[in-house]
Amino acid sequence: MKDTKVLELIKKEEKRQKEGIELIPSENYASSEVRNVLSSYFVNKYSEGYPKKRYYGGNENVDDVEIIAQERAKKLFKVPYANVQPYSGSPANLAVYLATCKPGDTIMGQALVAGGHLTHGHFVSATGIFYKSFQYGLKTEGIYDKDVADLFDYKEIRKLALEHKPKLIWVGATAYPLKFHYEKFAEIAGEAGAYLASDIAHVSGLIAGGAHPSPVPYVHIVTTTTHKTLRGPRGALIMVTEKGLKKDSELPDKINKAVFPGLQGGPHDNQTAAIAVALFEAIQPNFKRYAAQIVKNSEVLAKILVSGGLLVVGGRSENHLILVSLAKVLGPGSGIFAQKALDLAGLTLNKNTVPDEPASPFYPSGVRLGTPAATTRGMKEKEMKFIGETIIKVIDLLKKYRLPAKKEERAAYIKRFEEEIKVNKEILRLKQEVKKVALRFPIP
């Protein structure tokens, strides 16, 4: 007997993905080969431990596939050690804490409101609860200036590090549109005597494809998810660099123990196999062309948005991601209106805080968008121009809406907004235009 309810939802999701354009920068399309391996017979196996050191029998094939994944990760990112077992990015980052710190130790990371990740020490995360966290932000001036070299105030970060002497410093973000200058963070971490861990979850595919600088020569530890720009299954990697081995030769063993048995049970063997396939794909020459096109598309899309009067953080994009502030055109907390309206028009992105956020993470004043998924479908500069112009048209339709200052009025106001916008004739017309473009570019 078939589960018709779930099958129907799968069909609906397939239709949604085919007829719309995915702009969330942390999403992508895994290849059919990756998806096939995810539902292979490896899904049935249990494999606590590591290759050749399992607690269960029958793991000879699992051992081989995990070793293949490890070796491909090491080759692709040019590192001497890789753990491919983390279930996802957040557990991978937590494993780094377990390997390098004790509860209560001081750590540093980029603040969430400034584009950082929850696991870099935000107070609601276990990383901010069990560790003493000091967060660094971005510059307070020039954040929308296209001529700014980057957005970090290294003098302030250095001052924070030397004052608090963290055991671990994170570099990496979930909403940062420019290249990272890892060497500057390395200088600060060296002075403070800290481990430097780079979370490259968002840009790992760009690094693999040579379209973004690698942190490997400068940091001790690298973590990444395996979806996003790397275009694999949902999973994660933890890698130790040569510099990391020089700082602590036992670091690989500490990380292995932190992942299992410290945080996880048996690995998801089907996920490990799919990661191996994704890494194989990322090693191929055409992946370099893909990574380069992601950046080209993002550059063009950012320029279109700026020309349409929107404020883009950094004034441009140098990677796969664009962060837009809507505070001046739609008021504080307006990201929710843009997200909902653009979703109805077939353009999926997410509301997001901006560096000078005047509202809150619950009702942020910006939107975050990116080009990995659209690029996977084969879209190029022409389609980016269309997407950018469509976004501007939708934003123009929202100028009469403002998030109420009183919290108790917001739910009812947003509900009325949703009822109005879903029958807006221009939104419905734009949705058909988006659908027409989207259907020209099949999803894998």
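The values are calculated or read from the model by the stated rules, or taken from the named source; none is laboratory data. What you see is a predicted model; the values in this text were computed from it and never measured. Cβ coordinates were reconstructed from backbone atoms using ideal geometry, including for glycine residues, and neighbour counts include every protein chain displayed.
Pick out the one residue from 245, 342, 323, 237 that is assigned to a helix (DSSP H, G or I) and either surrounded by fewer than 19 Cβ atoms within 10 Å (Cβ to Cβ) or touching a strand residue (DSSP E or B) at 6+ places or on another chain (Cβ under 6 Å) (or both).
Just a single option satisfies the conditions, and that option is 245.
Give the residue that is modelled with the highest pLDDT, with candidates limited to residues of the stretch 96-130 that are part of a helix (DSSP H, G or I) and farther than 17 Å from residue 167 by Cβ.
118
For the stretch 29-59, name all the residues that are closer than 19 Å to residue 439 by Cβ and in a loop (DSSP other than H, G, I, E, B).
First pass over the stretch 29-59, keeping only residues closer than 19 Å to residue 439 by Cβ: 29, 32.
Answer for the stretch 29-59, where residues must be closer than 19 Å to residue 439 by Cβ and in a loop (DSSP other than H, G, I, E, B): just 29.
Criterion first (buried (at least 23 other Cβ atoms within 10 Å of the Cβ) and either outside the structural domain of residue 430 (by TED's automatic domain parsing) or closer than 27 Å to residue 19 by Cβ (or both)) does residue 286 satisfy it?
Taking the combined requirement at face value, the residue does not satisfy it.
Mind counting the residues in the stretch 65-79 that are out of contact with any helix residue (DSSP H, G or I) (no Cβ under 6 Å at 6 or more places or on another chain) and either part of a loop (DSSP other than H, G, I, E, B) or surrounded by fewer than 22 Cβ atoms within 10 Å (Cβ to Cβ) (or both)?
6
For residue 356, work out the one condition from (1) closer than 24 Å to residue 296 by Cα; (2) at pLDDT below 95; (3) of a type outside the set (Gly, Ala, Ser) it doesn't fulfil.
(1)
Starting from the stretch 6-22, take each residue that is in contact (Cβ under 8 Å) with a residue 60 or more places away in the chain and list its partners that are charged (D, E, K, R) and assigned to a helix (DSSP H, G or I), counting only C-beta distances under 6 angstrom and pairs at least six apart or across chains.
Close Cβ pairs satisfying both conditions: 19/435.
Select, from 216, 277, 259, the only residue that is at pLDDT 95 or above, part of a loop (DSSP other than H, G, I, E, B), in the same structural domain as residue 61 (by TED's automatic domain parsing) and farther than 30 Å from residue 357 by Cα.
216
Of the numbered conditions (1) within 30 Å of residue 313 (Cα to Cα); (2) touching a residue at least 12 places away in the same chain (Cβ under 8 Å); (3) part of a loop (DSSP other than H, G, I, E, B), residue 85 satisfies every one except a single condition; which is it?
Of everything listed in (1) within 30 Å of residue 313 (Cα to Cα); (2) touching a residue at least 12 places away in the same chain (Cβ under 8 Å); (3) part of a loop (DSSP other than H, G, I, E, B), residue 85 misses just condition (1).
Which residue out of 377, 440 is within 28 Å of the chain's Cα centre (by Cα), of a type outside the set (Gly, Ala, Ser) and surrounded by 14 or more Cβ atoms within 10 Å (Cβ to Cβ)? Show your work before the answer.
Working: 440 fails: surrounded by 14 or more Cβ atoms within 10 Å (Cβ to Cβ).
Answer to the selection: 377.
In the stretch 252-262, which residue that is closer than 14 Å to residue 100 by Cβ and under 25 Å from the mean Cα position of the chain (by Cα) is surrounded by the fewest Cβ atoms within 10 Å (Cβ to Cβ)?
Residue satisfying both the conditions and the ranking: 262.
Restricting attention to the stretch 103-141, which residues are free of Cβ contacts under 8 Å to residues at least 12 places away in the same chain and exposed (fewer than 14 other Cβ atoms within 10 Å of the Cβ)?
Those that are free of Cβ contacts under 8 Å to residues at least 12 places away in the same chain and exposed (fewer than 14 other Cβ atoms within 10 Å of the Cβ): 123, 124, 129, 141.
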